[in-house]
Amino acid sequence: MGGSVASVVEPVGAIDGTVGQVDFALIGHQESWRAAADVLAVLRGPERAPLPDDEIKDILPWIPPRAVCHVEVESIVGAKARGLYIDSFIPPDRLEAAYVHENIARVRGAAACAINAEAKVVSLGGFSSILIEGNFNQLPERHDTVFTTGNTLTVAFIVQGIKKMSALEGRDMRRSTLLIVGATGDVGSGCARCLAPVVKRVLLSARNVERLSRLATELQAEGVQVEIASDLLENHLQQFSADADLVICAASLASPSLLLGRIAPDAIVCDAGYPKNLSPSAEISGTKVFFGGLGQITGGLKFTPDFHGILNRHPFPDVVHGCLLEGMALALESRFEPFSQGRGFITPERVEEIETIAARHGIYLAPLYNAEGPLNGGPDCQTACLADVPIHRREMPPPEDMHVELQG
Amino acid sequence: MEPLIAVNCSTIECASLSPSAPIWQDVLAQAITGELLAAMNYTSLSEICDDPEEVADALEHAQIERGHAARFAAEGRKIGVEASNNVDARHWKALREAFLRCIAERDFIGCLIVQEIMLESFAVASYARVGKVAPGSLGQTFARIAAEEEEHVDHAMAILRAERALDAQRFDNKVHRLHLDVMTTLAKMLAKECKDGHCEVCHGNCVKPSLFEVSLSAAELRGASLQQYLKTLDMLGIPGEVTLGWVAQLPV
């Protein structure tokens, strides 16, 4: 990547040429080259041949952060909010630590676009929040624009998903052992605080031993049975995987590379990563996997130009990742505040507060699904086996199944 | 095609050519051609200016661009090559014709958009990239001229921003119309492979496949140029989602 991408100066302007303030902005990036190709294909229009893959990989890294489309969201109680989807154009294969400075510059550039658009609240989707959550001072001067990582609503939907899946499977969570991979991250620690009181035992895995110990001490003070392991020590993670019957994967991984080890065959696994955490070769045959942290808008969602089914793919309509939904929910509520900032501050009370706001506007937990498709629930619930799912299926479901799902 | 500026071969004193010299020869030939075309464009622009100050500015710019061409030619001589030029080569000719259509319409703003926003974006970005990898004074010259070209863009930006403030939609429509004409040609020039045959500037086979030997690539030069173009359009105030669509629709 060449010149700085952070120096973008982008004034607000609508597709139709009108100019004006937007209620919210969503900052994101594409999870795969396939997804990026589809975005560019929409921009090229149906009359032009899609760009070949090698050209996309050559061109995309040079695109400065900018608005891609306008978003309108409607509440079930009649409130409306208008916003922008801004792509930082972080190349899908450059999420590793080696590109951290370049990627922070991209998120800063995207943030500048949001500020220029006078967005009142901005959600940081996917890796954008991971890059910025501990470094909000790295964002450009903000004027009247506030930023939220959106992680609190993500946690809410992960917790709701785990509870729903447990109920569907007839599990008594009070007897469960919960493993959280990526436990010291903002999302992982929030899930730990919400779920620790309702399970028998908690296993925490993360890279940073000091942060792990701090979180464990905090939970133990509440009377929770906690064990910790740095996931750098693979044996520990393997042992934890074998012991757990509930697993939340919330690690900041640049690609789906988590193997977990030998996991209990009837375990419930929530993959809440963006990009997904679980490796296609993970030995999780027989486990019940679902993609977590997703909510569904029931009041109405519109993109201009129409990126439905393109910005991401999903077997249900109007599904959006929790972190982006948080900004939309706050906008619908006219609460333009930095609801989620920093790392490690997500509490059950804040989770309850944001899920109440979201629900008031018709934003609920999305139907559960995994790479193979929707999960019907109940005893016949579809069994997931990511190892058996070809990578291209995981990236792109058949067109007839595609609806929108924004990251977060 | 006869070069527009003469190269004094007697000044070439290199005993032996470096292996990369033929590559730099073609890179320089493209740069010299671009500079000469810019000089011609500014001269033409001076002919439609009413304000004597604008006439003087345009002629001064033309002179500066000729100076750039001469400096590039001199750098060629330093490494023992004769870098030719051909403003009638297929793509450069098309770019000149696009500019002349603006001249025919006495469209001063259109001329600035073509020369300062489109052609200069390409020049600034590609010279800067070459400046980073080219050895010695060759690299320094590319880098310095890139910086000087950037000043041209700054000069025009104030005029163009003021014009857009009068009627943004009309202005954006004009930029889009010119984009379709000029940037389509530039995109073909910048493509990773010359699909329409020889560019008529390279002295032998197409230089693009050899650029990796001097730590460059056609993809990188295209990427940097398009990025510079998008940023320049951002500075004009044209909505980013609109210009993204324009660039996404260019040929590859």
In this structure, is A:Val202 at pLDDT 90 or above, of a type in the set (Val, Ile, Thr) and crowded, with 23+ Cβ neighbours inside 10 Å? yes
A:Ser189 modelled with pLDDT under 95, in a helix (DSSP H, G or I) and within 27 Å of A:Gln296 (Cβ to Cβ): no
Hey, any hits in region A:214-226 for a residue that's in a loop (DSSP other than H, G, I, E, B) and within 24 Å of the chain's Cα centre (by Cα)? no
For B:Glu163, are the conditions met, namely being surrounded by fewer than 16 Cβ atoms within 10 Å (Cβ to Cβ), more than 12 Å from every other protein chain (Cβ to nearest Cβ) and either assigned to a loop (DSSP other than H, G, I, E, B) or of a type in the set (Asp, Glu) (or both)? no
Please go through region A:49-74 and pick out each residue that is surrounded by fewer than 22 Cβ atoms within 10 Å (Cβ to Cβ), within 30 Å of A:Ser334 (Cβ to Cβ) and more than 9 Å from chain B (Cβ to nearest Cβ). A:Glu72, A:Glu74
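Here's the yes/no breakdown for (1) surrounded by 22 or more Cβ atoms within 10 Å (Cβ to Cβ); (2) under 24 Å from A:Asp306 (Cβ atoms); (3) within 14 Å of chain B (Cβ to nearest Cβ); (4) touching a His at 6+ places or on another chain (Cβ under 7 Å):
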{"residue": "A:Ala79", "(1), (2), (3), (4)": "no, yes, no, yes"}
{"residue": "A:Asp93", "(1), (2), (3), (4)": "no, no, no, no"}
{"residue": "A:Gly109", "(1), (2), (3), (4)": "yes, no, yes, no"}
{"residue": "A:Phe147", "(1), (2), (3), (4)": "yes, no, no, no"}
What residue, of A:Pro348, A:Pro280, is over 19 Å from A:Leu26 (Cα atoms), out of contact with any strand residue (DSSP E or B) (no Cβ under 6 Å at 6 or more places or on another chain) and at pLDDT 90 or above? A:Pro348
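Here is a yes/no grid of residues against (1) in contact with an Asp or Glu (Cβ under 9 Å, 6 or more places away or on another chain); (2) among the aromatic types (Phe, Trp, Tyr); (3) under 16 Å from B:Ile117 (Cβ atoms); (4) touching a residue at least 12 places away in the same chain (Cβ under 8 Å):
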site: B:Leu160; (1), (2), (3), (4): yes, no, yes, yes
site: B:Asp167; (1), (2), (3), (4): no, no, no, no
site: B:Lys174; (1), (2), (3), (4): yes, no, yes, yes
site: B:Arg177; (1), (2), (3), (4): no, no, yes, no
site: B:Lys195; (1), (2), (3), (4): no, no, no, no
site: B:His203; (1), (2), (3), (4): yes, no, no, yes
site: B:Val214; (1), (2), (3), (4): no, no, no, yes
site: B:Ile238; (1), (2), (3), (4): yes, no, yes, yes
site: B:Val242; (1), (2), (3), (4): yes, no, yes, yes
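Results for (1) aromatic (Phe, Trp, Tyr); (2) crowded, with 24+ Cβ neighbours inside 10 Å; (3) under 30 Å from A:Ala216 (Cα atoms); (4) in contact with a Ser or Thr (Cβ under 7 Å, 6 or more places away or on another chain), shown as yes or no for each residue.
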site: A:Pro317; (1), (2), (3), (4): no, no, no, no
site: A:Glu333; (1), (2), (3), (4): no, no, no, no
site: A:Gln341; (1), (2), (3), (4): no, no, yes, yes
site: A:Thr356; (1), (2), (3), (4): no, no, yes, no
site: A:Ala359; (1), (2), (3), (4): no, no, no, no
Residues within region B:232-252 that are part of a helix (DSSP H, G or I), out of contact with any strand residue (DSSP E or B) (no Cβ under 6 Å at 6 or more places or on another chain), at the interface with chain A (Cβ under 8 Å from one of its Cβ atoms) and surrounded by fewer than 24 Cβ atoms within 10 Å (Cβ to Cβ), tallied: 6
Given the conditions (1) farther than 23 Å from B:Phe99 by Cβ; (2) more than 7 Å from chain A (Cβ to nearest Cβ), every one holds for B:Leu221 apart from (1)
Segments classed as helices (runs of 4 or more DSSP H), wholly inside region A:13-132, with at least 2 members that are of a type in the set (Ser, Thr, Tyr), under 20 Å from the mean Cα position of the chain (by Cα) and within 21 Å of A:His143 (Cβ to Cβ): A:127-132
Whether any residue in region B:196-213 is facing chain A (nearest Cβ under 10 Å) and either in a helix (DSSP H, G or I) or surrounded by fewer than 23 Cβ atoms within 10 Å (Cβ to Cβ) (or both) is what I want to check. no
Residue tally, condition within 14 Å of chain A (Cβ to nearest Cβ) and at pLDDT 95 or above, over region B:125-155: 11
One residue from B:Glu47, B:Glu65 being modelled with pLDDT of 95 or more, buried (at least 24 other Cβ atoms within 10 Å of the Cβ) and not hydrophobic (A, V, I, L, M, F, W, C): B:Glu65
Among the residues of region A:295-311, which ones are out of contact with any helix residue (DSSP H, G or I) (no Cβ under 6 Å at 6 or more places or on another chain) and buried (at least 24 other Cβ atoms within 10 Å of the Cβ)? A:Ile297, A:Leu311
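Residue by residue, here is whether (1) at pLDDT 95 or above; (2) charged (D, E, K, R); (3) assigned to a loop (DSSP other than H, G, I, E, B) holds:
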{"site": "A:Gly295", "(1), (2), (3)": "yes, no, no"}
{"site": "A:Pro317", "(1), (2), (3)": "no, no, yes"}
{"site": "A:Ala329", "(1), (2), (3)": "yes, no, no"}
{"site": "A:Phe336", "(1), (2), (3)": "yes, no, yes"}
{"site": "A:Gly344", "(1), (2), (3)": "no, no, yes"}
{"site": "A:Ile354", "(1), (2), (3)": "yes, no, no"}
{"site": "A:Ala358", "(1), (2), (3)": "yes, no, no"}
{"site": "A:Pro397", "(1), (2), (3)": "no, no, yes"}
Of all the residues that make up region B:59-89, how many are assigned to a loop (DSSP other than H, G, I, E, B), more than 25 Å from B:Pro135 (Cα to Cα) and of a type in the set (D, E, K, R)? 1
Count of residues meeting criterion [surrounded by fewer than 19 Cβ atoms within 10 Å (Cβ to Cβ) and either assigned to a loop (DSSP other than H, G, I, E, B) or in contact with a Ser or Thr (Cβ under 8 Å, 6 or more places away or on another chain) (or both)] in region A:154-170: 2
Is it true that B:Ile109 is among the β-branched types (Val, Ile, Thr), assigned to a helix (DSSP H, G or I), closer than 26 Å to B:Glu54 by Cβ and more than 13 Å from the chain's Cα centre (by Cα)? yes
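The values are calculated or read from the model by the stated rules, or taken from the named source; none is laboratory data. Keep in mind it's a predicted model, so treat the numbers as computed, not measured. Every residue, glycine among them, receives a Cβ derived from its backbone with ideal geometry; neighbour counts consider all protein chains shown.
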